[in-house]
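S.K.: Here it is, the structure, as structure tokens.
The values are calculated or read from the model by the stated rules, or taken from the named source; none is laboratory data. Predicted model only: the values in this text are computed from it and were never measured. Heads up, the Cβs are rebuilt from the backbone with ideal geometry, glycines too, and the neighbour counts pull from every protein chain shown.
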Amino acid sequence: MATKYIEIEGVGQVSFTTNERSRRIRLSVKSDGEIVVSIPPSILYRDAIRFVESKTDWILKQHAKVKSSLTLFAPESCFKTRFHQLAITKGNTDKVYNRVGNGVIQIFIPEKVNHEQPKVQEFIKKTLIDVMRWEAKIYLPKRMKELAEIHGFKYENISIKNTRTRWGSCSSGNNINLNLHLMRVPEHLIDYVLLHELAHTVVKNHGEKFWLLLNQVYPNARKADKEMNNYRTQTF
């Protein structure tokens with residue numbers, strides 16, 4: 001199966017996958033908001049794009065459902081990154097502020113302030129993004145280098161980004177992008193994503209050769225791929 005990513009005005013990035021077993025165009029919006037289209041080999045990309053454009057209203061409704069299910073952070077929330085845990089405290093303070101250290105992301109909120117206020121939620125989310133970006137820049141390049149050396153892969157540069165739909169990507173020049181939200185998933189799945197992108201330095205598609213290579217360096221790769229569906233690239 002060959003996958004191509006196309007930016008469509010009014011919709012955003014769409015993943016088009018040519019599937020020999022498909023008899024018609026299939027459109028879906030995943031739980032993380034990714035727009036996925038499966039097309040038969042006989043369908044031209046321009047026709048598939050027109051089909052997606054005709055479904056813009058439906059896609060936007062699905063995105064609204066995804067957005068409405070995003071995390072609302074409260075004092076009782078249990079949220080963990082790779083190296084930190086969130087703690088929200090209401091008390092005797094005149095402003096919302098944070099303190100990060102000793103494995104804790106501490107958010108302080110005035111007693112009389114409703115934690116559900118958009119400004120408070122945005123402050124919490126920005127704090128979490130900042131912490132995960134810091135963690136990712138420390139952990140991911142080091143781990144990527146280790147895995148590449150173990151399995152004999154070569155790559156160019158690594159970038160850490162806050163992307164909406166993808167855990168990682170590898171360019172034609174073997175530059176690798178990784179999502180900072182990887183700091184929310186288990187260690188074995190982080191390794192899966194890193195090896196997935198490293199495998200793309202050798203095989204640029206998701207065909208049989210790609211999965212054979214990935215299974216050599218990460219046994220039961222298909223199982224890990226399905227397990228990743230339990231995690232969303234964006235939960236807030």
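S.K.: Looking at the range 13-49 only, could you name the residues that are of a type in the set (Gly, Ala, Ser), loosely packed, with under 15 Cβ neighbours inside 10 Å and outside any loop (DSSP other than H, G, I, E, B)?
M.R.: Across the range 13-49, the qualifying residue is only Ser28.
S.K.: If a residue has to be part of a helix (DSSP H, G or I) and either of a type in the set (D, E, K, R) or in contact with a Phe, Trp or Tyr (Cβ under 9 Å, 6 or more places away or on another chain) (or both) to count, how many in the range 227-236 make the cut? Show your work before the answer.
M.R.: Step one: list which residues in the range 227-236 are part of a helix (DSSP H, G or I), which gives 227-230.
If we keep only those that are either of a type in the set (D, E, K, R) or in contact with a Phe, Trp or Tyr (Cβ under 9 Å, 6 or more places away or on another chain) (or both) too, we end up with 227-228.
Within the range 227-236, residues that are part of a helix (DSSP H, G or I) and either of a type in the set (D, E, K, R) or in contact with a Phe, Trp or Tyr (Cβ under 9 Å, 6 or more places away or on another chain) (or both) number 2.
S.K.: Moving on to the next point. Please go through the range 89-119 and give me each residue that is without any contact (Cβ under 8 Å) to a residue 40 or more places away in the chain and in a loop (DSSP other than H, G, I, E, B), ordered by number. So that I can check it myself, show each step before the final result.
M.R.: From the range 89-119, those without any contact (Cβ under 8 Å) to a residue 40 or more places away in the chain are 89-114, 117-119; that's our starting set.
The answer is Asn92, Thr93, Asp94, Lys95, Val96, Asn102, Gly103, Glu111, Lys112, Val113, Asn114, Gln117.
S.K.: Looking at the range 61-83 only, could you name the residues that are more than 15 Å from Met132 (Cα to Cα), of a type in the set (Val, Ile, Thr) and assigned to a loop (DSSP other than H, G, I, E, B)? Before you say what the answer is, go through the steps one by one.
M.R.: Here is the first cut: in the range 61-83, the ones more than 15 Å from Met132 (Cα to Cα) are 61-78.
In the following step, the residues that additionally are of a type in the set (Val, Ile, Thr) were identified as 66, 71.
Within the range 61-83, just Thr71 meets the criteria.
S.K.: Working carefully through the options Thr3, Thr18, find the one that is modelled with pLDDT under 85 and among the β-branched types (Val, Ile, Thr).
M.R.: Numbers: Thr18 fails: modelled with pLDDT under 85.
It is Thr3.
S.K.: Collect the residues in the range 146-199 that are of a type in the set (Asp, Glu) and buried (at least 17 other Cβ atoms within 10 Å of the Cβ), keeping them in residue-number order. Give the derivation first.
M.R.: Filtering the range 146-199 for residues of a type in the set (Asp, Glu) gives 146, 149, 156, 187, 191, 197.
Residues satisfying the conditions are Asp191, Glu197.
S.K.: Exactly one of these conditions fails for Lys154: (1) in a helix (DSSP H, G or I); (2) at pLDDT 95 or above; (3) not hydroxyl-bearing (Ser, Thr, Tyr). Give me its number.
M.R.: All conditions pass for Lys154, except number (1).
S.K.: Which one of the conditions (1) polar (S, T, N, Q); (2) surrounded by 10 or more Cβ atoms within 10 Å (Cβ to Cβ); (3) over 19 Å from His181 (Cβ atoms) does Thr127 fail to meet, given that it meets all the rest?
M.R.: (3)
S.K.: Given (1) in contact with a strand residue (DSSP E or B) (Cβ under 8 Å, 6 or more places away or on another chain); (2) part of a helix (DSSP H, G or I); (3) buried (at least 16 other Cβ atoms within 10 Å of the Cβ), identify the lone condition not met by Leu86.
M.R.: Leu86 satisfies every listed condition except (2).
S.K.: To continue, here is another question. When you look at Glu116, is it of a type outside the set (Gly, Ala, Ser) and either loosely packed, with under 13 Cβ neighbours inside 10 Å or farther than 26 Å from Trp167 by Cβ (or both), yes or no?
M.R.: Details: of a type outside the set (Gly, Ala, Ser): yes; either loosely packed, with under 13 Cβ neighbours inside 10 Å or farther than 26 Å from Trp167 by Cβ (or both): yes.
The answer is yes for Glu116.
S.K.: Give the range 192-226 a look and list any residue that's within 18 Å of Ala2 (Cβ to Cβ) and either touching a residue at least 60 places away in the same chain (Cβ under 8 Å) or in a loop (DSSP other than H, G, I, E, B) (or both), or say none.
M.R.: Selection gives His200, Thr201, Val202, Val203, Lys204, Asn205, His206, Gly207.
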